[in-house]
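Okay, structure first, notes after.
The values are calculated or read from the model by the stated rules, or taken from the named source; none is laboratory data. Remember, it's a predicted structure, so these values are computed and weren't measured experimentally. Note: ideal-geometry Cβ built from the backbone for every residue, glycine included; neighbour counts use all protein chains shown. Note: accessible area is taken over every heavy atom of the protein model, side chains too, but ligands, DNA and RNA are not part of it. Shrake-Rupley method; radii C 1.70, N 1.55, O 1.52, S 1.80 Å.
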Amino acid sequence: MDRSSQRKTVDIIVPCFNEEHNIDAFFRETQKVASEMEGYDFAYIFIDDGSTDETLAKIKSLAADAKAPAGAMRDAETPAARCHVRYISFSRNFGKEAAMYAGLRASKGDFAVIIDADLQHPPQLIATMLKRIEETGCDSCAARRVSRKGEPKIRSAFARAFYKIMNRYSDIEIIDGAVDFRIMNRKMVKAIVSMPESQRFSKGIFAWVGFETEWIEFENVKRLSGESKWSVWSLAKYAVDGFIDFAVSPLKFVGVFGGAITVCSTIYLIIEILKTLIFGKDTPGYASTICLILFFGGLIIAILSLIGEYIGRMYLETKGRPVYVEKESNLDEE
Ligand code: UDP
Ligand code: MG
């Protein structure tokens, strides 16, 4: 076996949505780490998630720089020349989940790393993660934030509550502070890609597929440039979607609740009948009857809308639409 065939390949998957000011710095920083690691060949898979700025142009220029014959790569001066840069560009913004999925589908390497383009996921950790996965023989090594410095208080409080509810009531356990920054071996990537759902919640999918995962901790870092794409509203929607994707417990809960109400009201009815029979008492209570009707009317509508949430998702899932639509890519060029 020659030396090159022993080298392991690592695909770095980078979802990008309007990251024109971050791409170059991200690439430089990550290449610094990659060039210091012996025994691995790195390839980048940038996903342009329908950016409206110069993100795609930046990615294409990195790809053009990196186009060098394999033999020349090691000794070349420019960092870009030591790796492959592949990209997929979406026809519109499909969201980070779709971008990560596209990247994983395109990955053929021994390992795949998912990392943000805004340098909030320190690239130096790729080396730590790779070392950990090789040393321990685990399938995945993921990062979790130990602090939420620099993040709005409301967002932190919201995230904490989400993890608590998710872990208590869903089928999976998500580590508090877990971000989508992780390295996986081929087996795990294959398992994730084989999950056909079109409404994807990766934090849940990573947990659901199982495999042995090691965790490393890191301090929160501020975004290099630009704003987070998440508003409080979109985060709330993400949380509800994620929860419903992996939990049917709300449906069970409303069933138990309905059963409890039936039992209570039957007991109440029996008491009222006995009172009337024994004491001949009238049963007054026009106001309380109205209140109960309104209360249960509201409750029934709320429960129906909860069921509607699940049915709506089933409806979207049965359409079998693709997770994303590709506009262009250089994947076939090799
Ligand atoms: N991103 C994406 N599509 C989107 C939103 C975000 O590909 O619709 C990318 C974004 O370019 C970045 C990563 O996902 O590389 C994380 O996004 P962001 O920094 O906005 O999220 P946060 O770090 O605040 O969780
Ligand atoms: Mg970010």
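Calculated mean residue ellipticity, 222 nm, the chain: -16500 deg cm²/dmol, from DSSP H runs (n ≥ 4) at -39500 (n - 2.57) each, averaged per residue and rounded to 500. For L224 and Y286, a Förster radius of 56 Å and the Cβ-Cβ distance give a FRET efficiency of 0.30, rounded to the nearest 0.05.
Shown for region 78-142: the carbon plus sulfur share of the solvent-accessible area, taken with all protein chains present and a 1.4 angstrom probe, equals 47%.
K149 sits with roughly 130 Å² accessible to a 1.4 Å probe, with DNA, RNA and ligands left out of the calculation. Annotation for Y315 and I175: the two label points, set 7 Å from Cα along the Cα-Cβ direction, are 3.9 nm apart. Region 190-209 and region 147-175 have Cα centres lying 20 Å from one another.
Note: relative contact order over the chain, using C-alpha pairs below 8 Å and six or more positions apart, is 21 percent. Accessible surface area normalised per residue over the chain is 55 Å², counting heavy atoms of protein chains with a 1.4 Å rolling probe. Residues whose amide H comes within less than 5 Å of that of I216, counting only those at least five positions distant or on another chain, are A142, A143, R144 (H built at 1.01 Å from N in the peptide plane). Close amide H partners of Y44, meaning residues 5 or more places away or on another chain with modelled amide H under 5 Å apart, are I12, H84, V85, R86.
Listed by chain and number, the lysines placed with their C-alpha closer than 28 angstrom to that of K153 are K96, K164, K203, K222, K229, K237; residues fewer than eight positions away on the same chain are left out. Contact order, relative form, for region 80-221: 38 percent (alpha carbon pairs under 8 Å, 6 or more residues apart, mean separation divided by residue count).
Could you pull out every whole DSSP H run in the chain that spans at least 18 Å of Cα extent along its own axis and averages 0.5 or higher on the Kyte-Doolittle scale? TM-like helix candidates: 232-246, 249-279, 286-319. The longest part of the chain holding none of the exposed loop chymotrypsin sites (Phe, Trp or Tyr not before Pro), meaning those outside H, G, I, E and B in DSSP with at most 16 other Cβ atoms within 10 Å, is 1-210.
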